1. Is one or more of the residues making up segment 314-330 assigned by TED's automatic domain parsing to the domain that holds Gly162 and touching an Asp or Glu at 6+ places or on another chain (Cβ under 6 Å)?
2. Being of a type outside the set (Val, Ile, Thr), near the ligand (Cβ under 10 Å from one of its atoms) and either touching a Pro at 6+ places or on another chain (Cβ under 7 Å) or in contact (Cβ under 8 Å) with a residue 24 or more places away in the chain (or both) narrows it down to one residue among Leu21, Leu75; which is it?
3. Return a yes/no flag: does segment 271-283 have any residue that is farther than 16 Å from Arg172 by Cβ and either basic (Lys, Arg) or near the ligand (Cβ under 8 Å from one of its atoms) (or both).
4. Is there any pair with a first residue in segment 122-139 that is farther than 23 Å from Ala176 by Cα and a second that is hydroxyl-bearing (Ser, Thr, Tyr) and surrounded by fewer than 16 Cβ atoms within 10 Å (Cβ to Cβ) whose Cβ atoms are under 9 Å apart and which are 6 or more apart or on different chains, and what are they?
5. Give me a count of the residues in segment 252-276 that are assigned to a strand (DSSP E or B) and either in contact with a Lys or Arg (Cβ under 8 Å, 6 or more places away or on another chain) or more than 26 Å from His81 (Cα to Cα) (or both).
6. I'm trying to understand the selection: among the residues of segment 156-183, which are touching a strand residue (DSSP E or B) at 6+ places or on another chain (Cβ under 8 Å) and within 11 Å of the ligand (Cβ to nearest atom)?
7. Could you check segment 277-367 for helices (runs of 4 or more DSSP H) lying wholly inside it with 1 or more residues that are free of Cβ contacts under 8 Å to residues at least 60 places away in the same chain, closer than 23 Å to Tyr76 by Cα and of a type in the set (Lys, Arg)?
8. If Asp36 meets every condition in (1) within 8 Å of the ligand (Cβ to nearest atom); (2) closer than 20 Å to Lys294 by Cβ apart from one, which number is that one?
Amino acid sequence: MSEIKRYDTVIVGARAAGASLAIELQRLGQKVAVVDRATFPSDIMSTHVVYPNTLKRFERLGVLQEILDNGPPPLYTSWIHENRMFVAPHTPVDGRDWAICVRRITLDDIMVNKAREEGADIYEGWTVTELLGSGSEEDPVSGFIAKNGDEVIQFEADTVAGADGVNSTVARLVGAQKRKVMPTDTMLYFAYWKGVDTRNTQDFFFEPPWVHAHFPADNGYHVVTMNGPLSERPKIKNMDDFYMERLKSMPALWSRLKNAEKVTRVKGTPKLEGYYRDSVGPGWLLVGDASHFKHPAGAQGIGDALHASEAVAPMILAGNYRSEYPKWRESVSRELYAFCKHLAEVPSDEGMRKVMDAAIADPILARKLGDVWCRTSSPWKDVIPRAPFLAEIMGESVDSVLEPFEEESSVPLAVTA
Ligand SMILES: Cc1cc2nc3c(=O)[nH]c(=O)nc-3n(C[C@H](O)[C@H](O)[C@H](O)COP(=O)(O)OP(=O)(O)OC[C@H]3O[C@@H](n4cnc5c(N)ncnc54)[C@H](O)[C@@H]3O)c2cc1C
């Protein structure tokens, strides 16, 4: 016989999306439970750079100071190609013109603890296995079953939120479909380093077809990434060896690392396809990566998860999330989704030369380009007008980029899981 617990909203997943939604709903007066199969502090695959717009959201949630206490240095953005570079601060948001890189083992623990402090009940080490209700109009989702070893709890609620990532259990159980599926040409791998001199830039080293990045992170850690053509993946026998060979072949990057220590194995994934999922139904909704994913070169996932929680929490209270949330999600994500199509492509030396020429000659362009990641600049409205050749690389318009991915690309989850 399972124990029964009753809440207003129950959330599957306790990281960026789940913890932030719990904080928002608790503040609106709801009684919330968050269930995660992980126990915190716990890591998850992510290279975790966030920009000034997201720092503002951390501040709103009440976690910014604790994050900064872990010492992630403030970072401007630099691009390096063929021994030329430019560095750009970002347009300030609430007085901050810098990004930070904070490991998920640090960030997610702070977020979970904040949700608990706001009054949410957090169930760590519990796996959601079944939903209560089929999700039809006649039989709305009304909770879920979670298991921890031999223990079973039946969580009952008005609303179930799936904040459970790309392989969302909630999405699978309600049969939510993927739409606008956007394949990627590139893969992303990375490792953590210690003993690297800290600097106040996140540096992108373009060596087409490869792109490497160095992000100084929290607590003295550094992230060094390798982004390259997916077509190379089958040829790589040992990812750690390959990664080290690539880094050693780049003097500008290797000179920083040769006396430092790589403290983890290389991890990453070739599976970075973008998608939207149908994200609302009777008694349920999806937030964060469960709802929408775009190539991580855009570094938007964490900020977007927080933004969605902020927007959808009042809709859950008002009972209108089924009509309002899909419209809201489309309006805020469409342009970046189109931009991420470009970021998921393999760069060329010719294209990079043009970008570097233009950005070095025009510091306003350099800043507006970097600001796309902060959502304070529009690729098509602010960047391309200053550098029209970019329309050839990025596409003429948001519509022209997304048109090939519109509705016909709906894929049943059972096929893609
Ligand atoms: C290689 C890579 C690099 C990235 N770099 C960046 C970056 O620089 N900046 C950025 O903003 N974003 C980045 N992202 C994206 C970012 O990591 C995600 O957008 C973010 O983690 C989404 O948070 P989430 O809370 O939606 O899901 P997740 O972080 O995936 O959390 C889902 C949680 O749900 C739990 N869960 C799942 N199923 C169940 C179940 N059945 N029962 C109980 N619990 C369950 C999991 O244990 C997990 O804790 C990157 C992603 C990748 C893959």
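The values are calculated or read from the model by the stated rules, or taken from the named source; none is laboratory data. Keep in mind that this is a model prediction, so the values were computed, not measured. Here the Cβ is made from the backbone with ideal geometry for all residues, glycine too, and neighbour counts use every protein chain on show.
1. In the first step, residues of segment 314-330 are kept if they are assigned by TED's automatic domain parsing to the domain that holds Gly162; the result is 314-330.
From the residues that got through so far, the ones that are touching an Asp or Glu at 6+ places or on another chain (Cβ under 6 Å) too are 315.
Yes, that holds for at least one residue.
2. Values: Leu75 fails: near the ligand (Cβ under 10 Å from one of its atoms).
After ruling out the rest, the residue left standing is Leu21.
3. The answer is yes; a qualifying residue exists.
4. Glu124/Thr39; Gly125/Thr39
5. Residues meeting the conditions: 4.
6. If the condition is that a residue be touching a strand residue (DSSP E or B) at 6+ places or on another chain (Cβ under 8 Å) and within 11 Å of the ligand (Cβ to nearest atom), then Ala161, Gly162, Ala163, Asp164, Val166, Ser168, Thr169, Val170, Ala171, Leu173 are the ones that fit.
7. Values: elements: 301-318, 321-343, 349-361.
The qualifying helices (runs of 4 or more DSSP H) are 349-361.
8. The failed condition is (2).
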